[in-house]
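**Student:** This is the structure I want to talk about, given as structure tokens.
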Amino acid sequence: MKLLKSDSFFDGEKYVKNPVEITIRDGLITELSYRHTKRAASWHARFVTPAFIDSHIHLAGYAKSAMTANLTGIRTVEELRKRLLEAPRVSGWILGRGWESAHLNFVPHKKILDFILPDTPCSLRSRCGHSLWVNTAALTKAAVTGRTVPPEGGVIEQDEDGSPTGILKENGIMLIERAAPSLSESSAFSNALKTALNHLTGYGIGALCVIAEPKDVALIRDAASCIPLRILVEERPSKLLSSEGVGSVDGVKLYKDGALGNSGALMRLPYLGTKNFGVEILDNATLEKELLKSFGRLKIFAVHAIGDLAVEMVVGLLSCYAKQACQEGTILRVEHFQTATLSAIRRAGRYGIIASVQPVQQYGDVEAARKRLGKRSRLMYRLRSMLDSGVSLAFGTDAPVESPHPWRNIQAAMDIGREGVYGDESITLSESLKCYTSSAASASAFKQLGRIKEGYSATLALYDEDPFEYLCSRNGIESLRPSTLLVDGAPLTG
Ligand SMILES: [Zn+2]
């Protein structure tokens, strides 16, 4: 038996400003008492919360980002050059991630990379992950020319003379990645996974819903055996439910559209000053077939949708099967739910469709939203409207798209609309914590996580400061870190 004493706590639903003693037996919470007795405690905290659950994280991608060039925040060619020249080579290639076209003061083109790296193949993922920028050496290695036909749901951007610009989108990315070295096979990868997990648990994250490519699933399971895990497998285009190995995953994540970062999110009206409506990656008929196949086999069926039209179409489809999903025990999720009309939000609320959201992306999206959507940016990040319409929210970060730091994500949820681009859609600290704990647990079928309550797992984060008091006194919660993380009642040591 172990005893945890705390001065206050968040129980998964609400903040309780009261001393509490939590009795833990065999990893479970067996008793809560609202006063401090003289009994000796194994731990004493100022504040305790159920450990956070990141509901949408690319664990392999996050681990790999430490092995390649980090292009986050670059604006100029000079900054790009510096980062690329410092980057490690991977089997003769330079790989990287994190550039955001709305932040650049130039237009990305293969010629810029050719100038920096004339002979070394170079392949750089955008911040959102939906575009790839490569040089001529990489195009040559992958045998992509002006005559190459892009795969369905993919784009190979071309100059006026028909030659590739060096930008590939969505399923077009596969053409290069097939030829580029795979970090998954590198011996450093499993160590990088362990380091990544140490970062996450240090932030107070005690469970993950990981989006993974099939080739990484086994290694992720191995490396992450210390914390509870769900794996949603993704493959583009989706062949996965017919492929082997489905038994080792908990769900599937399919793509309806692209992302705002590459003007690939599917919108009802075109992007400002263009005739582009975005990209539809999978049509509803294909999604419907995959959904029917998942019943009885998978716990979670998730669809990525960012544009308002994509969200509306996916919610429309999922709502038709909400009753059957409930009977089959399949959780229906929309990943991102980033731009949405009120009617789509209300429909999701009515049919119990979960919105898996990443508030922290609001910061990096401001420029693209302003330039490409203008006033329609008010349809983005509608957390307030979602909660008011009864939509259950699960917070994630989509790392490596953003830092996995949960308190930064929480701050972002409380800040929405402050800079005047998005609507006033902010939510409170208590509501945000619920989205990271009990609601996140329901979104990933973690039955015993996310609450401080008898019968639940003692997977808890202990803090030396109370964020509810911290908020009033210092304005900013981003520096918060737990002093201890318990997983099933045992402290996790890195
Ligand atoms: Zn993602």
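Derivation of every value follows stated rules applied to the coordinates shown; laboratory data play no part. Model, not experiment: these values are computed from the prediction. Backbone-built Cβ (ideal geometry, glycine too); neighbour counts: all protein chains shown.
**Student:** Each residue of the stretch 255-269 in order: what ³J(HN,Hα) in whole Hz does its phi give by Karplus 6.51 cos²θ - 1.76 cosθ + 1.60, θ = phi - 60°, with x for Gly and Pro?
**Tutor:** 9, 8, 8, x, 9, 5, x, 10, 6, x, 5, 7, 10, 6, 10
**Student:** Looking at the chain, send over the antiparallel percent of its DSSP beta bridges, to the nearest 5. Don't jump to the answer; show the numbers that get you there.
**Tutor:** Details: 35 of 74 bridges.
Approximately 45 percent, going by the DSSP bridge assignments.
**Student:** Can you work out ³J(HN,Hα) from phi for every residue in the stretch 356-367, in order, using Karplus 6.51 cos²θ - 1.76 cosθ + 1.60 and θ = phi - 60°, giving whole Hz and x for Gly and Pro?
**Tutor:** 9, 10, 10, x, 4, 6, 4, 5, x, 8, 3, 5
**Student:** Once the dipole of the stretch 68-183 is set up with Lys and Arg at +1 and Asp and Glu at -1 on Cβ about the Cα centre, which of ASN70, ALA180, ALA138 lies farthest towards its positive end?
**Tutor:** Going by the charge dipole, the pick is ASN70.
**Student:** Assign unit charges at the C-beta atoms only (+1 for Lys and Arg, -1 for Asp and Glu), then state the dipole size of the stretch 219-356 relative to its Cα centre in Debye, rounded to the nearest 20.
**Tutor:** Numbers: 17 positive and 14 negative charges, 64 e Å.
I would put it at about 300 debye.
**Student:** Can you put LEU332, LEU387 in order of Cβ neighbours within 10 angstrom, beginning with the fewest? Provide the component values of the computation, followed by the final result.
**Tutor:** Values: LEU332 25, LEU387 21.
So the ranking, lowest neighbour count to highest, is LEU387, LEU332.
**Student:** Taking θ as phi - 60°, what are the ³J(HN,Hα) couplings along the stretch 136-141 by the Karplus curve (6.51, -1.76, 1.60), each to the nearest whole Hz, with x for Gly and Pro?
**Tutor:** Computed from phi, the couplings for the stretch 136-141 are 5, 4, 6, 4, 5, 4 Hz.
**Student:** If you take all C-alpha pairs in the stretch 197-237, what percent of them are over 13 Å apart?
**Tutor:** Working: 427 of 820 pairs.
Every Cα pair in the stretch 197-237 considered, those over 13 Å come to 52 percent.
**Student:** Put +1 on the Cβ of each Lys and Arg and -1 on the Cβ of each Asp and Glu in the chain; which of LEU260, SER430, GLN362 then has its Cα farthest toward the positive end of the dipole?
**Tutor:** In the chain, that residue is SER430.
**Student:** Additional query: Counting helices only, and only those DSSP H runs with n ≥ 4, report the 222 nm mean residue ellipticity of the chain as the sum of -39,500 (n - 2.57) divided by its residues, in deg cm²/dmol to the nearest 500. Could the numbers behind the result be given before it?
**Tutor:** Details: 17 runs with 148 residues, N = 494.
-8500 deg cm²/dmol, from helical runs alone.
**Student:** Another question about this same structure. Please arrange ASP7, ASP365, ASP283 by counting, for each residue, the other beta carbons lying within 10 Å of its beta carbon, fewest first.
**Tutor:** Numbers: ASP7 16, ASP365 28, ASP283 11.
Fewest-to-most ranking of ASP7, ASP365, ASP283: ASP283, ASP7, ASP365.
**Student:** Around HIS36, under 15 Å between beta carbons, what's the net of Lys plus Arg minus Asp minus Glu among the other residues? Each step should come with its number before you reach the end.
**Tutor:** Numbers: positive: LYS5, LYS17, ARG35, LYS38, ARG39, ARG46; negative: ASP7, GLU21, GLU31.
Around HIS36, the surrounding residues sum to +3.
**Student:** Sorting HIS336, HIS36 on the 10 Å Cβ count, fewest up front, what's the list? Could you put the intermediate results ahead of the total?
**Tutor:** Numbers: HIS336 27, HIS36 14.
Neighbour counts put them in this order, fewest first: HIS36, HIS336.
**Student:** I'd like to know which of ILE22, GLY450, LEU492 lies farthest towards the positive end of the charge dipole of the chain, counting +1 on Cβ of Lys and Arg and -1 on Cβ of Asp and Glu.
**Tutor:** Highest projection toward the positive end goes to ILE22.
**Student:** If the limit is 32 Å between Cα atoms, which of LYS253/LYS375; LYS194/LYS289; LYS215/LYS256; LYS64/LYS169; LYS293/LYS371; LYS215/LYS371 go over it? List each step's numbers first, then the result.
**Tutor:** Numbers: LYS253/LYS375 30 Å; LYS194/LYS289 37 Å; LYS215/LYS256 22 Å; LYS64/LYS169 20 Å; LYS293/LYS371 40 Å; LYS215/LYS371 37 Å.
From LYS253/LYS375; LYS194/LYS289; LYS215/LYS256; LYS64/LYS169; LYS293/LYS371; LYS215/LYS371, over 32 Å: LYS194/LYS289; LYS293/LYS371; LYS215/LYS371.
**Student:** Let me spell out the model: positive unit charges on the Cβ of Lys and Arg, negative unit charges on the Cβ of Asp and Glu, origin at the Cα centre of the stretch 359-494. What dipole size does that give, in debye rounded to 20? Could you put the intermediate results ahead of the total?
**Tutor:** Details: 16 positive and 17 negative charges, 122 e Å.
It comes to approximately 580 debye.
**Student:** With charges only on Cβ, +1 for K and R and -1 for D and E, what is the dipole size of the chain about its Cα centre, in debye, rounded to 20?
**Tutor:** Working: 59 positive and 54 negative charges, 104 e Å.
Taking the Cα centre of the chain as origin, the dipole is about 500 debye.
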